Amino acid sequence: MPTKFENKVYEICRKIPKGKVSTYKLISEKLGIRAYRAVGNALNKNPYTHKKVPCHRIVNSNGLIGGFAAGVNNKKRILEKEGIEVKNNKIVNFDKKLFKFK
DNA sequence: GCTTTGACTCTCG
DNA sequence: TCGAGAGCCAAAG
């Protein structure tokens, strides 16, 4: 059973629409803290898969893929499958694909 | 309860 | 433009 903090992270991730991406920073800001790393930590050991939580839509603030528990390569494939172009571990048209929580 | 560890981000030279 | 260092926070050991 994940912690409260982790559940919040997952909940926010679920709000990201298909074809969009978001960043660790935005999520942490949504939580009201600067726990970028803690967010990544939570997603790393998340009990859900990308089918439950679109954790693959979370990238670094500069558009880099960052990492993925199942492998960055896998992450790239999923993103491309959703219509997001990835070049050299980086999101193409990042500012256009970026989804901002409001 | 202190220390270590990360799917991170920012600042500075 | 790029790399190193510091700062950040929650979990796990």
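We did not get these values from a lab; they are worked out from the coordinates using the rules stated. Note that the coordinates shown come from a computational prediction; the quantities given were computed from them, not determined experimentally. Cβ coordinates were reconstructed from backbone atoms using ideal geometry, including for glycine residues, and neighbour counts include every protein chain displayed.
Structure above, values below:
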| read-out | value |
| --- | --- |
| Enumeration of residues in the stretch A:51-78 that are hydrophobic (A, V, I, L, M, F, W, C) and closer than 17 Å to residue A:15 by Cβ | A:53, A:55, A:58, A:59 |
| Count - residues of the stretch A:83-100 that are touching a residue at least 40 places away in the same chain (Cβ under 8 Å), of a type in the set (D, E, K, R) and not in a loop (DSSP other than H, G, I, E, B) | 1 |
| Odd one out for residue A:15, checked against (1) under 18 Å from residue A:98 (Cβ atoms); (2) crowded, with 17+ Cβ neighbours inside 10 Å; (3) more than 9 Å from DNA strand B (Cβ to nearest atom); (4) in contact (Cβ under 8 Å) with a residue 40 or more places away in the chain | (2) |
| Flag for residue A:32 being without any contact (Cβ under 8 Å) to a residue 12 or more places away in the chain, small (Gly, Ala, Ser) and either surrounded by fewer than 14 Cβ atoms within 10 Å (Cβ to Cβ) or within 11 Å of DNA strand B (Cβ to nearest atom) (or both) | yes |
| Number of positions in the stretch A:1-19 that are away from DNA strand C (no atom under 14 Å from the Cβ) and among the basic types (Lys, Arg) | 3 |
| Index of the failed condition, residue A:80 passing every other in (1) within 10 Å of DNA strand B (Cβ to nearest atom); (2) in a helix (DSSP H, G or I); (3) in contact with a strand residue (DSSP E or B) (Cβ under 7 Å, 6 or more places away or on another chain) | (1) |
